[in-house]
Amino acid sequence: VIVSDNFHPARSGAASLYTVEHFAAVRERLAPGGLFCQWLPLHQLDLATLRSIVRSFLAAFPDGRALLATYSLETPVLGLIATPDGTGFDLARLRQRLSAGAAAAMAPDFGLDDEWALLGTFVAGPGELAAFAVEAPLNIDDHPVVAHQAARFWYRRDSTPRSRLFELLDRLAIAPGDVLRPPIRPEDARRLADHWRARDLYLRAGRDVKPAADARAMLAQVRAPLLEVLRTAPDFRPAYDPLLRLARAVAAEDPAAARDLLAELARIQPARPEAPALLRQLDPAASGR
């Protein structure tokens with residue numbers, strides 16, 4: 001595995017790590033079966049500069065894919081993923097690796113409870129990335145466009161990170177065949193597509209939220225959209241966890257609202273024990289139901 005971590009693209013010298021030559025050097029050093037990840041700080045890049053980086057990346061890795069590091073709207077980070085052979089992921093092998101050894105203990109801390117949570121972060125396959133970057137100038141050692149564009153954008157900054165993220169998502173698309181190695185079972189394709197739809201609903205719900213110190217006010221804003229996310233993909237943890245926390249926060253002042261929310265969470269996602277356990281604490285009579 002080779003990881004090119006986040007670095008500010010406008011810093012002196014940093015743009016050379018986004019060149020065609022650099023990406024080609026990475027490819028030469030990848031072992032068979034290896035993987036390269038280039039993280040891109042979308043909160044420090046405009047889309048014009050991003051397009052040049054993506055096109056330069058694809059010059060070395062034409063089968064590259066893109067994913068989101070987190071679902072943050074203020075500091076969005078895009079990851080470009082590539083392998084030497086360009087093949088997709090084997091679902092069974094991915095499931096095994098996430099459930100064994102150190103990964104099994106660590107992955108949930110990063111919100112990667114299973115293979116669907118990991119694959120659900122992908123936002124574009126090779127074709128969509130190529131269409132997004134078409135005709136953008138290549139960033140090469142003799143023509144370092146990123147060094148100039150990134151610095152100019154950083155002083156101008158005429159858009160917000162969240163606006164760039166949503167503009168990017170509107171221009172990209174992903175299909176199960178972009179990330180999964182065939183043969184792909186129809187039920188796996190449906191589950192992955194549902195996870196992507198839930199993710200997009202979740203991000204757009206967050207865009208409309210106005211932070212509030214009062215838990216009941218927050219619950220009034222997010223209850224309906226986050227429950228819609230969970231009805232789309234019941235195992236989408238980023239929507240389940242905040243609703244669980246809000247139920248716990250409002251329980252003292254509005255136990256009826258807390259019980260109602262917890263009962264709905266338990267109905268939508270019966271596989272998770274947290275909502276039923278908290279519901280039993282608030283309503284001992286429910287323990288026998």
Query raised in the report: Which condition breaks for residue 72 when tested against (1) assigned to a loop (DSSP other than H, G, I, E, B); (2) touching a residue at least 12 places away in the same chain (Cβ under 8 Å)?
Result: (2)
**Report entry** Qualifying residues in region 200-214 (those that are of a type outside the set (Gly, Ala, Ser) and outside any loop (DSSP other than H, G, I, E, B)) - the one modelled with the lowest pLDDT
**Finding:** 207
Requested in this report: Of the numbered conditions (1) under 20 Å from the mean Cα position of the chain (by Cα); (2) assigned to a helix (DSSP H, G or I), residue 79 fails exactly one; give the number of that condition.
Outcome: (2)
**Report entry** Where a residue in region 235-254 is β-branched (Val, Ile, Thr) and its partner, wherever it lies, is buried (at least 17 other Cβ atoms within 10 Å of the Cβ) and part of a helix (DSSP H, G or I), with Cβ under 7 Å and at least six apart
**Finding:** 250/215; 250/219; 250/257; 250/258
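Please go through region 173-199 and pick out each residue that is open to solvent by 50 Å² or more (accessible area, probe 1.4 Å) and either out of contact with any helix residue (DSSP H, G or I) (no Cβ under 7 Å at 6 or more places or on another chain) or of a type in the set (A, V, I, L, M) (or both).
Once the filter is applied, which keeps residues that are open to solvent by 50 Å² or more (accessible area, probe 1.4 Å) and either out of contact with any helix residue (DSSP H, G or I) (no Cβ under 7 Å at 6 or more places or on another chain) or of a type in the set (A, V, I, L, M) (or both), region 173-199 yields 177, 181, 182, 183, 184, 185, 186, 187, 190.
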Query - Hits in region 131-157 (condition: assigned to a helix (DSSP H, G or I), under 13 Å from residue 18 (Cα atoms) and of a type outside the set (Gly, Ala, Ser)) - result: 145, 146, 148, 149
Requested in this report: Could you check residue 95 against (1) open to solvent by less than 40 Å² (accessible area, probe 1.4 Å); (2) touching a helix residue (DSSP H, G or I) at 6+ places or on another chain (Cβ under 7 Å) and say which number it fails?
Outcome: (1)
Query raised in the report: Can you name every residue in region 1-13 that is open to solvent by 10 Å² or more (accessible area, probe 1.4 Å) and of a type outside the set (Lys, Arg)?
Result: 1, 2, 3, 4, 5, 6, 7, 8, 10, 12, 13
Query raised in the report: Is region 35-55 home to any residue that is aromatic (Phe, Trp, Tyr), under 30 Å from residue 208 (Cα atoms) and touching a residue at least 24 places away in the same chain (Cβ under 8 Å)?
Result: yes
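The values are calculated or read from the model by the stated rules, or taken from the named source; none is laboratory data. Computed from a predicted structure; not experimentally measured. In this analysis, Cβ positions are derived from the backbone assuming ideal geometry, glycine residues included, and neighbour counts consider all displayed protein chains. Heads up: the accessible areas ignore ligands, DNA and RNA and are worked out on the full protein's heavy atoms, side chains in. Shrake-Rupley method; radii C 1.70, N 1.55, O 1.52, S 1.80 Å.
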